[in-house]
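Where a number appears in this text, it was derived from the coordinates with a stated rule and is not lab data. Here the structure is a predicted model, which is why all the values come from computation and not from measurement. Cβ coordinates were reconstructed from backbone atoms using ideal geometry, including for glycine residues, and neighbour counts include every protein chain displayed.
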Amino acid sequence: MQINPESIDNANSAYEKAHDRAFSGLQEQLEAEGKQVHDLIQKIQKFQIAVPSWALGAGGTRFGRFKIGGEPRNLEEKIEDIGLLRQLTKSTDAVSLHIPWDIPTDYEGIKSHAKSYGISFDAVNSNTFQDYGQPLSYQMGSISHADKATREQAIVHNLNVIEIGRKLGSKGLTIWLADGSNFPGQSSFRKSLDHTRASLQQIYAGMPEDWKLLLEYKPYEPNFYHTVIPDWGTSMLLCRETGDRAKVLVDLGHHLPNTNIEQIVATLMQQNMLAGFHFNDSKYGDDDLSTGSIKPYQLFLIFLELVAGAADGCQTWDSISWMIDASHNTKDPLEDLMQALEAIKVAYAKALMVDRDALVQYQMTGDVVMAQECLQQAYQTDVRPLIREARIQAGGLLNPLAFYRKEKIRATLIQKRGKENRATGL
Ligand SMILES: [Mn+2]
């Protein structure tokens, strides 16, 4: 579904006066602080976050799944949904596919379909955490499995995913390894780590030279006693033993409560080892809640490390991949993604507000109070008029969510696609 540009203009005119007032106030304040508003707008516009193909339908838990209606029935419709998000928010321009959930049948067809919506193909995701009719089961693991034939099958799957991604123009392979054990004694820590290292090396050797390997980590679930790659340290160790283009992927929800994620981000950037980000939020574990809905201040502190790491030359901003990884069964996924995209941009813009030169001075002189004031001054700034201005200048909506509701887009999708269908995914 494509929105007529005229209706975008009409919708924006309703909010124009209020926006102009708010934006000119903020602009004046930022200019008085010596900030280049034009540069800020450009940075915000340029920042695009990929959407995974599994986030467009209702997510489920192990207890069940509730229908939302109008879910995309195939890859084409998933891309259409992301195209719609792109038109409304101007904050996403890529889809991240999950194999085998989204294997294209007509590569040229799907590429031109995506292109017509301004969508490209982000990193591809392999899946060896469930069985889908392959000869050997992944119940006891995949690339870390004690059995060589099962490991080889999982390696071949990853190589196939690379081939699919290559045909689509992807530049990366994301591996989240669910392997681990549920009970002490079930598997050997050292052997499963050794097998994983050897398997990753084979997968890496099958990647084109302009690709990167994004290696995710997660402390627990689906295995609750031990996970082969439970933390950033293990992921970085494996990446170092695999190759220069293997780097660590940080999924915000994949941390134990109260973990200092911003410190992990700073360390990875310092080591030039940050591959990318999966945005979401969590209260207890991997809840996959909407980004910024629980810990927006933490998200701001993470962005501050990202902005500072890039500005200090640790890693370029463009060397990092950005994606939302969330799926739950209580919200309309498109509305949820709009909220997430907004929260990510808000955190980014607030991080750009920080007077980093002043902060360095406070750190040098041990002025803890002023260092905190410096962060708060940025964090408490309402940057939303800036985000909106960036969006309308790019041709998007002042208020995407209000437009989505007013135009009854979900009802239109239900009418077109039906109430009962379920998008592939968990
Ligand atoms: Mn993830």
Checklist line | Pair S116, V156: separation of 7 Å Cα→Cβ label points (nm) | finding: 3.7 nm
Next item on the list: Within the stretch 66-109, list the chymotrypsin sites (Phe, Trp or Tyr not before Pro) lying in a DSSP loop whose Cβ has at most 16 other Cβ atoms in a 10 Å radius.
Entry: F66
Notebook entry, point to check: Can you sort S53, S293 by how many other beta carbons sit within 10 Å, fewest first?
Noted result: S293, S53
Check: Given q = 0.14 Å⁻¹, what are the Debye log10 I(q)/I(0) values for the chain, with equal point scatterers placed on the Cα positions and solvent ignored?
Finding: -1.36
Notebook entry, point to check: Nearest 0.05, what FRET efficiency do E420 and Q377 give at R0 = 51 Å with Cβ-Cβ as r?
Noted result: 0.50
Item checked: Length released on extending from E241 to L256, taking residue separation times 0.36 nm less the Cα-Cα span -> 2.8 nm
Check: Hey, got a sec? Which trypsin sites (Lys or Arg not before Pro) in the stretch 1-38 land in a DSSP loop and have at most 16 other Cβ atoms within 10 Å?
Finding: K35
Item checked: In the stretch 227-332, the trypsin sites (Lys or Arg not before Pro) that fall in loop regions by DSSP, at most 13 other Cβ within 10 Å -> K283
Check: Going down the list K331/K419; K67/K416; K46/K115; K46/K345; K115/K406; K171/K295, which pairs span over 21 Å between their C-alpha atoms?
Finding: K115/K406; K171/K295
Check: Given R₀ = 51 Å, FRET efficiency for K17-F224 by Cβ-Cβ distance, to 0.05?
Finding: 0.40
Checklist line | GluC sites (Glu not before Pro), loop per DSSP, at most 12 other Cβ atoms within 10 Å - longest free stretch of the chain | finding: 210-419
Next item on the list: Could you list which residues have their amide H under 5 Å from that of A275, counting only those 5 or more apart in sequence or on another chain, with H placed in the peptide plane?
Entry: V248, L249, V250
Next item on the list: Scale the Cα Rg of the stretch 319-426 by the rule-of-thumb value 2.2 N^0.38 Å and send over the ratio, two decimals.
Entry: 1.50
Next item on the list: Estimate the FRET efficiency between R62 and Q363 by the formula 1/(1 + (r/R0)^6), using the beta-carbon distance for r and 51 Å for R0, to the nearest 0.05.
Entry: 0.65
Next item on the list: Would you please report the Å³ per residue occupied by the convex hull of the alpha carbon atoms in the stretch 31-86?
Entry: 144 Å³
Note to self: Run the helix sum for the chain: -39,500 (n - 2.57) per DSSP H stretch of 4+ residues, divided by residue count, reported at 222 nm to the nearest 500 deg cm²/dmol.
What the structure shows: -15500 deg cm²/dmol
Check: Net charge near A411, counting Lys/Arg +1 and Asp/Glu -1 over other residues with Cβ under 14 Å of its Cβ?
Finding: +3
Check: Which whole-number percentage describes the relative contact order of the chain, with Cα contacts under 8 Å and a sequence gap of 6 or more?
Finding: 22 percent
Checklist line | Summed side-chain charge close to Q29 - residues other than Q29 whose Cβ falls under 12 Å, Lys, Arg +1, Asp, Glu -1 | finding: -3
Next item on the list: With a ≥ b ≥ c taken as the square roots of the eigenvalues of the C-alpha gyration tensor of the stretch 121-197, please select rounded if a/c is under 1.5 and otherwise prolate if a/b is larger than b/c or oblate if it is not?
Entry: prolate
Note to self: For R384, R190, which order do you get if you count the other beta carbons within 10 Å of each Cβ and list the fewest first?
What the structure shows: R190, R384
Check: Among rounded, prolate and oblate, which fits the stretch 215-307 when a ≥ b ≥ c are the square roots of the eigenvalues of its C-alpha gyration tensor, a/c under 1.5 means rounded, and a/b larger than b/c means prolate?
Finding: oblate
Next item on the list: Evaluate the charge dipole of the stretch 131-242 about its Cα centre and quote only its size in Debye, nearest 20, assuming +1 on the Cβ of each Lys and Arg and -1 on the Cβ of each Asp and Glu.
Entry: 160 debye
Margin query: With bins 5 Å wide starting at 0, give me the P(r) of the stretch 1-130 over every alpha carbon pair, in whole percents.
Written below: 2, 8, 14, 16, 16, 13, 10, 9, 7, 4, 1, 0
Check: Which whole-angstrom value gives the distance between the alpha carbon centres of the stretch 173-199 and the stretch 111-126?
Finding: 32 Å
Notebook entry, point to check: Arranged by the count of other C-beta atoms within 10 angstrom, fewest first, what order do I3, I324 take?
Noted result: I3, I324
Checklist line | Counted charge near Q361, where neighbours are those whose Cβ lies closer than 13 Å (Asp, Glu -1; Lys, Arg +1) | finding: -3
Item checked: For the chain, size of Cβ-based charge dipole, Lys and Arg +1, Asp and Glu -1, in debye -> 900 debye
